[in-house]
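Below you'll find the structure, written out as structure tokens, and then a few comments.
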Amino acid sequence: MSGPRAASLRQARWHRHVGAVNAPFDVAAWLTAGGSLTARLIAHSRAFRVQRLHQNTALCLADEARAIGMAGRGRVLEREVLLRCDGNPVVFAHTVVPLSDSASDWPLFGGLGERSLGSTLFYDPLVRRGQLEFARLRAGHPLVRRALVAAGAPATPHPPVYYARRCLYRRHQGSLLVTEVFLPPVLSLLPVPPIKNAN
């Protein structure tokens, strides 16, 4: 597919109110959940894992450039991971940081490995969290395509709509944009009751 139709599939319209994306109730509950997504996923699984896909320089998306204060698309430091609950991929997380940001702005970012980024952002008193934004993404969107390839999801004749949220974080003079694409298996998660102490 090429032309305006293909271009529209690659674009995302971000909204500051979850009602604008018409997400089903159970999806909206995940999109709007406050606090750390990592902590919420841990509470909904017996085995939580961050699977790092890559972390290197890349060309950001056009709407990301605007969000992080760049004049246009340019090179950024990009990190992509799959968040897995009991082995199942449930969230694809995509993070971009301007190359102009210094190591002192985000001192732990370069050495995260397979540790959760959220575990550092939510417990650093210097981090300022922006407002959540929400979008409906088609299967042709770059982040959805990457998520499905990483998750090993089979192609379907009628691909569903995917819901995503993003948030801009600031620390000192640095900006960091995190986009989370929620995959269908997230809706199957149930809270895991705590293990009772036999004593």
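Some values worked out for this structure:
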read-out	value
Number of the exception - Q131 against (1) touching a Cys at 6+ places or on another chain (Cβ under 9 Å); (2) closer than 25 Å to F48 by Cβ	(2)
Yes/no for V91 being within 19 Å of D63 (Cβ to Cβ) and crowded, with 20+ Cβ neighbours inside 10 Å	no
Options A65, A58: the member that is out of contact with any Cys (no Cβ under 6 Å at 6 or more places or on another chain) and in contact (Cβ under 8 Å) with a residue 12 or more places away in the chain	A58
Only one of F122, F134 that is of a type in the set (F, W, Y), in contact (Cβ under 8 Å) with a residue 24 or more places away in the chain and surrounded by fewer than 21 Cβ atoms within 10 Å (Cβ to Cβ)	F122
Spans of strands (runs of 3 or more DSSP E) in region 130-191 with at least 1 residues among the hydroxyl-bearing types (S, T, Y)	162-171, 174-182
Residue among S116, S100 that alone is crowded, with 20+ Cβ neighbours inside 10 Å and not basic (K, R)	S116
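Yes/no per residue for (1) buried (at least 19 other Cβ atoms within 10 Å of the Cβ); (2) touching a Pro at 6+ places or on another chain (Cβ under 8 Å):
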| position | (1), (2) |
| --- | --- |
| A47 | no, no |
| N56 | no, no |
| C60 | yes, no |
| L83 | yes, yes |
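Just so you know, all these numbers are worked out from the coordinates, no wet-lab data involved. As the structure is a computational prediction, the values presented were derived from the model and not from experiment. Neighbour counts are summed over all protein chains in view; Cβ atoms, including those assigned to glycine, are modelled from backbone coordinates with ideal geometry.
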